[in-house]
Amino acid sequence: MKILVCLKQVPGKDAPVRIEANQRAIRDDVPYEINEPDLFALEAALRLKEAQVQGGSEPAGEPQSEIVALTVGPARASQALREALAKGADRAIHVEGAEAPQLDAYAVAEAITRAIAGESYDLILTGLQADDDGFGQTGVIVAELLGAPHATIIMEIVPVAGRARIRAKRELEGGRFQWVEMPTPAVLAIQSGIGKLRYATLMGIKQAKNKPLRQTTLEELGVRPSLNRQVIERLYVPAKRQGGELLTGTAAEQAAQLAARIRREIPR
Amino acid sequence: MILVVAETHASGEVNPASLEAIAAAQQLGTGAVCAALLGGDASAVAALTACPIERLYHGQHPSLATYSPDVWVQALVQIYEQAQPTLVLLAHTYQARDFAPQLATRLGGALISDVTGVKSPAIFIRPMYQGKLAAEVSFRPDIPGVVTVQIGAFNRASLRRDGAPAPVTMVNVTPDAPRIEAGEIFTEAKQAIDLSHAPVIVAVGRGIKDPKNLDMARQLAAAMGAELAASRPICDSGWLPMDRQVGSSGQTVAPKLYLAVGISGAIQHLVGMRGSRTVVAINKDPDAPIFEIADYGVVGDLFEVVPALIAALQASPGAPPD
Ligand SMILES: Cc1cc2nc3c(=O)[nH]c(=O)nc-3n(C[C@H](O)[C@H](O)[C@H](O)COP(=O)(O)OP(=O)(O)OC[C@H]3O[C@@H](n4cnc5c(N)ncnc54)[C@H](O)[C@@H]3O)c2cc1C
Ligand SMILES: Nc1ncnc2c1ncn2[C@@H]1O[C@H](COP(=O)(O)O)[C@@H](O)[C@H]1O
C-alpha cells in the first residue's frame, strides 16, 4: 500500500501568537511543531504498513508498501519532514515557498495535488484540522480535486480486499461512531487520539539522513496566494467576557479569593 | 437569497443547530432566506416550514435515507442550480465538516468555516489559532460562497413565523450510487458516568502535564464535592476514561460550577460546558480563550494555585461566605 501523509508545521502549543502590523498574519518568530492530528495520521500510516509487512498481506507482485510525507511550507518546514522520516516514513516531498503560510485551504490542496501529479497513492491521509488556520478542509478538497472518495474525523483504519478498499471508523458527535467503507484511492482526515504516538529512535534519525527528500516549489507548481478563495481582512484578539473577574495576587491570595467565591457558589 | 441546508438527527428531528443557521442567515440581513432538506420526514418538513423562510427545497431520492458525502453534494448542487442562492449557509456539525468543503469546491467556490459572527454581509468572523485569535474573512469576489456557523453562536430564540407554513418545492434529485458505504451508528463501551447532572465539576486539561498530577486534581474535586472531568487530550492519552471527556465528542454538562484547570478553551471543549452557571478557570496563559467565558479567572501556575486552593477549601469547610 502506498500512503501519502500530509503534514503541516504550526506554531507550538505554548507559543505566544502575536499579530503582524498588517493585521493579516501572525509573527513567525515562534517555535514550530508538526500539527497534532497530522502526527496521528503519520502514526496510522506507519501502523498500516507494519501490519501489512508483518502479516504478509503485501499483494504478490505489487510494489512494497511505501509511506511518503509531504508538506507545503517555507524552508523551516523541512524539519517536519525530517521528523517524519526519522519515525519511519520512506521518503518526503517538500513543496517550498515563503508564501505558503498565506495560502488558504483550497490553494494548499492545489499545491498538494499538483505536487503528486503522476503518482498514484492508495491512501492519502491528512489531519482533521490545522491548529493554526483551523480550516478543517484541506483533506476533503484534495479528495474533490482528485475525484477520490473521502471520510473525515477518522479514528481507525482497516484495509479490505488487499488494498482495493478501505474501512474507516468515523467519529460522530457525543461519543458515537460509524464504520464507512470505500474504494481506494481514498482520502481520510484523521482525528487526534488514533493510537499512542511513537518517538523517533536514534537509528531512525540516522537512517532519515539517507532517505530521499524531493524539493519542489510553489512557483514551479504555479500556486500563489492569488489562487486563494478566501481572504483574511483582519486578525485580532477576541474580547474577554464582560463582567468576568480576574483574581490577582500571590497564588495563596488568589486561592483564598477563589475558595471564598466557590463557597458562595456552592454552599454546603 | 441565502440557502440554509438543514440537517436531521438519526431520530428524524431537525438539528437545533440548523435553526441557528436560519437565524444567522436572517441576521445577515441580505434578504430572503430559503432552506433545503435532503430526505427527512413530514415532521422535519413541518419544523422547517414553521420557520421564517421563504421556501423549503425538499430533495427526494431513495439514497437520501442515509448520509453520504457524495450523494449529499450531488443533491445539493442540483438544488443550488434550481434555487440560485447568493450564499449557502449551514451549521458547523460533523456532517457539515465532512461534505461542505467538497460542496464548495464542486461549486467552484469556497467554504468559510466555523463562523461565530458577521461584521457585514460580506465579512464573517471565525476563530483561528485554537480560538486565541479571531479573523475577519471574506470570499474572493464572484465565487459561490458556503459558510458554516459555529453551534451556539447564533440565537434561534427569535425565529418566529406569522401565518401559514412556508411553501415547499419538491426536487427530485438524481445522485449516482454512493461510493462510500456507511454502517450502523454505534456507541463504544457503555457510559459508566453521567456527568450531565453533576452539580459541580473539576475538569483538567493538558496543563496537568503528567498523569501522576491527577491525584492533585482528585483532591481538589474531593474538597469541592465535585466530579472529575477532562478535556479530550487527557482521555485520548488514557489518563482518564473516555466517559469523563467534556466537549463536542464527549459529554455535554451544565453544572452550577465548572472549574477548568489547565484547559485552553478550544471551541470543541466549550460547546460541552458553556451551559454551566458559573465557570472558573485556572490557566497560566492570560490569552487562553477559556477566560472569554470565565466568571472567575486565575492567571497563574496551576501547580501553585491548586494546592493553595485545596488548603484554603479544607481550612474552614463550613465557613460563611465573605
Ligand atoms: C472534531 C473535534 C472534536 C473535538 N472534541 C473535543 C471534545 O469533545 N473535548 C475536548 O476537550 N476537546 C475536543 N477536541 C480538541 C480541542 O480542539 C482541543 O484540542 C482540546 O480541547 C485541547 O485540550 P486542552 O485545553 O486540555 O489542551 P491545550 O489546548 O494544550 O491547553 C492546555 C492549557 O493549559 C495551560 N497550562 C499549561 N501549563 C499550565 C500550568 N502549569 N498552569 C496553568 N495552566 C497551564 C496552557 O496555557 C493551555 O491553555 C476536538 C477537536 C476536534 C477537531
Ligand atoms: N501547508 C500544508 N502542508 C501539508 N499539509 C497540510 C498543509 N495545510 C493543511 N494540511 C493538511 O490538511 C489538514 C487540515 O488542515 P486545514 O484544512 O488547514 O485545517 C492538516 O491537518 C494537514 O494534514
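Using θ = phi - 60° in the Karplus curve 6.51 cos²θ - 1.76 cosθ + 1.60, the 3J(HN,Hα) couplings for the stretch A:217-230 round to 10, 4, 4, 4, 8, x, 10, 9, x, 5, 6, 3, 10, 9 Hz; x is entered for Gly and Pro.
Is the C-alpha gyration tensor of the stretch A:105-244 telling us rounded, prolate or oblate? Criteria: a/c under 1.5 is rounded; beyond that, a/b larger than b/c is prolate, otherwise oblate.
Cα axes put the stretch A:105-244 in the rounded bin.
Taking square-rooted eigenvalues a ≥ b ≥ c of the alpha carbon gyration tensor, is the protein assembly as shown rounded, prolate or oblate, where a/c under 1.5 means rounded and, failing that, a/b exceeding b/c means prolate? Verdict is oblate for the protein assembly as shown. Peptide packing: for A:72-84, B:1-13, the average count of neighbouring Cβ atoms within 10 Å per residue gives the ranking A:72-84, B:1-13, highest mean first. Between A:Glu220 and B:Ala315, the FRET efficiency from the beta-carbon distance, with R0 = 56 Å, is close to 0.25. Packing, as the average of other Cβ atoms within 10 Å across residues, places the peptides B:274-286, B:167-179 in the order B:274-286, B:167-179, highest first. Over the residues of chain A, the helix contribution to mean residue ellipticity at 222 nm works out to -8500 deg cm²/dmol, using -39500 (n - 2.57) for each DSSP H run of at least 4. Under 5 Å between amide hydrogens, built in the peptide plane, is the criterion, and for B:Ala260 it picks out B:Ala203, B:Val280, B:Ala281, B:Ile282 among residues at least 5 positions away or on other chains.
Under the classification rounded if a/c is under 1.5, otherwise prolate if a/b is larger than b/c and oblate if not, where does the stretch A:193-257 fall, given a ≥ b ≥ c as square roots of the Cα gyration tensor eigenvalues?
Values: a/c = 4.05, a/b = 1.48, b/c = 2.75.
Oblate is the answer for the stretch A:193-257, as a/c is 1.5 or above yet b/c matches or exceeds a/b.
Taking both sides together, the accessible area buried where B meets A is about 7400 Å² for a 1.4 Å probe.
Highest average first, the peptides A:189-195, A:172-178, B:302-308 ordered by how many other beta carbon atoms sit within 10 Å of their residues are A:189-195, B:302-308, A:172-178. Of A:Lys206, A:Lys169, A:Lys87, which is the most mobile in a GNM of chain A whose springs link Cα atoms less than 10 angstrom apart? For chain A, modelled as a Gaussian network with Cα springs under 10 Å, the answer is A:Lys206.
Across peptide B:122-135, the mean count of Cβ atoms from other chains lying within 10 Å of each residue's own Cβ comes to 6.
How much accessible area per residue does chain B have, counting only protein heavy atoms and a probe of 1.4 Å, in square angstrom?
Accessible area per residue, chain B: 39 Å².
Averaging sequence separations of C-alpha pairs under 8 Å and six or more residues apart, then dividing by the length of chain A, give the relative contact order as a whole percent.
Dividing the mean separation by the residue count of chain A yields 23 percent.
Each label was represented as a point 7 Å from its Cα along the Cα-to-Cβ direction; for B:Ile143 and A:Gln79 these points are 3.1 nm apart.
Per-residue extension of 0.36 nm, minus the Cα-Cα distance of B:Asn155 and B:Asn172, leaves a gain of 2.9 nm for this segment.
Were the residues from A:Arg165 through A:Leu213 laid out at 0.36 nm apart, the gain over their Cα-Cα distance would be 14.4 nm. Quick one: which bits of the stretch B:150-183 get at least 30 Å² less accessible when the partner protein chains are in, versus the chain alone, with a 1.4 Å probe? Buried by 30 Å² or more upon assembly, which counts only protein chains, are B:Arg179, B:Ile180, B:Glu181, B:Gly183. For the segment B:255-262, counting C-beta atoms of other chains within 10 Å of every residue's C-beta and taking the mean gives 1.
For the stretch B:256-320, the Kirkwood hydrodynamic radius from C-alpha pairs, put into Stokes-Einstein at 10 °C and a viscosity of 1.306 mPa s, yields a diffusion coefficient of 127 µm² per second. Each Lys and Arg contributes +1 and each Asp and Glu -1, all at the Cβ; summed about the Cα centre of the stretch A:2-227, the dipole is approximately 600 debye.
When a 1.4 Å probe is rolled over the protein heavy atoms, the share of accessible surface on chain B that falls to carbon and sulfur comes to 53 percent.
Rounded to the nearest 0.05, what FRET efficiency do B:His197 and B:Phe303 have when you use their Cβ-Cβ distance and R0 = 25 Å?
0.20
For B:Gly183, the shell of other residues with beta-carbons less than 11 Å away shows a net charge of 0, using +1 for Lys and Arg and -1 for Asp and Glu. The accessible area of B:Tyr94, taken with all protein chains in place and a 1.4 Å probe, comes to roughly 20 Å².
The values are calculated or read from the model by the stated rules, or taken from the named source; none is laboratory data. Bear in mind that the values here come from a model prediction, so they are computed numbers and not experimental data. Because the Cβ atoms are built from the backbone with ideal geometry, glycine has one as well, and the counts that use them run over all protein chains shown. Note: areas computed on protein heavy atoms with side chains; ligands, DNA, RNA excluded. Shrake-Rupley method; radii C 1.70, N 1.55, O 1.52, S 1.80 Å.
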